[in-house]
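J.: Here it is, the structure, as structure tokens.
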Amino acid sequence: MSTHSILLALSGSEQSRNAAEMAWKLSKKLNATVTAEHVIDSRTIWELLRNDKPGFIGSGPYIAVYETILCALKSLAEKLALDYEALANGQGVQGECLIKEGNPVEILSRDAADHNLLVIGHYPSGVKATDRDLCHYIRYSVAEGVSHQSIVPVLIVQSKPLSWESMTIVSEIDHINYTYLRSCLKLAKLLELKPRLEFWGTGTREEGPAEFKKDLLVSMPEAKEMDIEFEYFGGQAATDRRELFHGQDMSKSVEIPSETLFVLPTRGIARERMTVFGMEPEAFIRCLTLPCLLLWPEDHKAFDVTSDLDLKQLSATKK
């Protein structure tokens, strides 16, 4: 019986195929079902065709074109779903493929709330979108949109699935959320990954690393045997670190080993969502250089820690 579920955002792109393969691998580790969902972007089609008021011709021809395009996309979606289900069944994956119509960002973010994890392919566009309401016009921007709106963790996949050996869980020294840390540790245990905690700060905290670690272990004794590292940066927290994840020069990401899965927390502030870099997640991943990145809303218990025994066993994760 499956105890977890994954929502896979499905399209016809190479990155979506990579995301599907990643979701299948994770489903076997997590004993999870995978629900693939393809959303026909009917909103964008209509926005491209409609007129506020008729000019030379009435709305009838535009509606006819809209219906023709929508019909063709439905046919394409059905073929995509059939091909996906054949491949998924061949992998022994439990789940189904759904086809919906509307705004992909809104629908995927809404439906993800019924799952533990949203997996989506992404190609770094480098486009600077200033209005989030217009992001659905830009190709490959669905991942950027759901990274902001989703209330569950979002795994961004850009290249072929890798075999991870460890999980690096990032947190700010000046802002620690134990719900986030413990949920990430639970996932690391389920995936049989060696967890590593990395705390970022600006040096403004009076407490030194030794004192900080001592206090941390009082609140999280399960972290006693884990690698814990501290990084301090001038100016805004993690500004210097940003170039290792994000930028035009791919060589800047070489310091990050490909066998580790990086987890970055996101935090809701009023109506906005921010990363530890002090920027919105969609702006951050627009030029992402990592093959995969897990964005985690810090207050969400995606993989509940069910008992004290589970907590004690986290430190025994394979090294």
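Just so you know, all these numbers are worked out from the coordinates, no wet-lab data involved. Note that the coordinates shown come from a computational prediction; the quantities given were computed from them, not determined experimentally. Heads up, the Cβs are rebuilt from the backbone with ideal geometry, glycines too, and the neighbour counts pull from every protein chain shown.
J.: Taking 0.36 nm per intervening residue step and subtracting the Cα-Cα distance, what contour gain separates LYS28 from LYS79 on full extension?
T.: On the way: separation 51, 0.36 × 51 = 18.36 nm, distance 2.56 nm.
Length difference between fully extended and current span is 15.8 nm.
J.: Something else about it: When the gyration tensor of the range 4-157 is built from Cα positions, what are the square roots of 5 times its three eigenvalues, in whole Å, from largest to smallest?
T.: Values: eigenvalues 185, 66, 29 Å².
They are 30, 18, 12 Å, listed largest first.
J.: How many nm separate the modelled label positions at ASP227 and PHE56, each set 7 Å beyond the Cα in the direction of the Cβ?
T.: 6.6
J.: Which ³J(HN,Hα) values in Hz, rounded to whole numbers, follow from the phi angles of the range 22-30 under the Karplus curve 6.51 cos²θ - 1.76 cosθ + 1.60, where θ = phi - 60° and Gly and Pro get x?
T.: Per residue, the Karplus-derived 3J(HN,Hα) values read 5, 4, 5, 5, 5, 4, 6, 6, 9 Hz.
J.: Rank LEU26, ILE57, TYR84 by how far each Cα sits towards the positive end of the charge dipole of the range 4-157 (+1 on Lys, Arg Cβ; -1 on Asp, Glu Cβ) and give me just the farthest.
T.: With unit charges placed on the Cβ atoms, the residue in question is LEU26.
J.: Give, in nm to one decimal, the length gained when the segment between GLU14 and ASN89 is fully stretched (0.36 nm per residue of separation minus the Cα-Cα distance). Mind dumping the intermediate values first?
T.: Details: separation 75, 0.36 × 75 = 27.00 nm, distance 1.94 nm.
Fully extending the segment from GLU14 to ASN89 adds 25.1 nm.
J.: What is the fewest-to-most order of SER163, SER27 by other Cβ atoms lying within 10 Å of their Cβ? Don't jump to the answer; show the numbers that get you there.
T.: Working: SER163 7, SER27 25.
The fewest-first ordering by Cβ neighbours comes to SER163, SER27.
J.: Would you mind checking the pairs LYS100/LYS189; LYS25/LYS214; LYS53/LYS74; LYS100/LYS301; LYS160/LYS224; LYS28/LYS214 and listing those with alpha carbons more than 31 angstrom apart?
T.: Values: LYS100/LYS189 34 Å; LYS25/LYS214 37 Å; LYS53/LYS74 28 Å; LYS100/LYS301 27 Å; LYS160/LYS224 34 Å; LYS28/LYS214 37 Å.
From the list (LYS100/LYS189; LYS25/LYS214; LYS53/LYS74; LYS100/LYS301; LYS160/LYS224; LYS28/LYS214), the Cα-Cα distance tops 31 Å for LYS100/LYS189; LYS25/LYS214; LYS160/LYS224; LYS28/LYS214.
J.: For the range 4-157, what does the relative contact order come out to in percent, with C-alpha contacts under 8 Å and a separation of six or more? Write down the numbers at each step before the final one.
T.: On the way: 234 pairs, mean separation 51.3, N = 154.
Relative contact order here is 33 percent.
J.: Quick one: ILE57, ILE63, ILE228, ILE120, fewest Cβ neighbours within 10 Å first, how do they rank?
T.: Numbers: ILE57 9, ILE63 13, ILE228 17, ILE120 28.
Starting with the residue having the fewest Cβ neighbours, the order is ILE57, ILE63, ILE228, ILE120.
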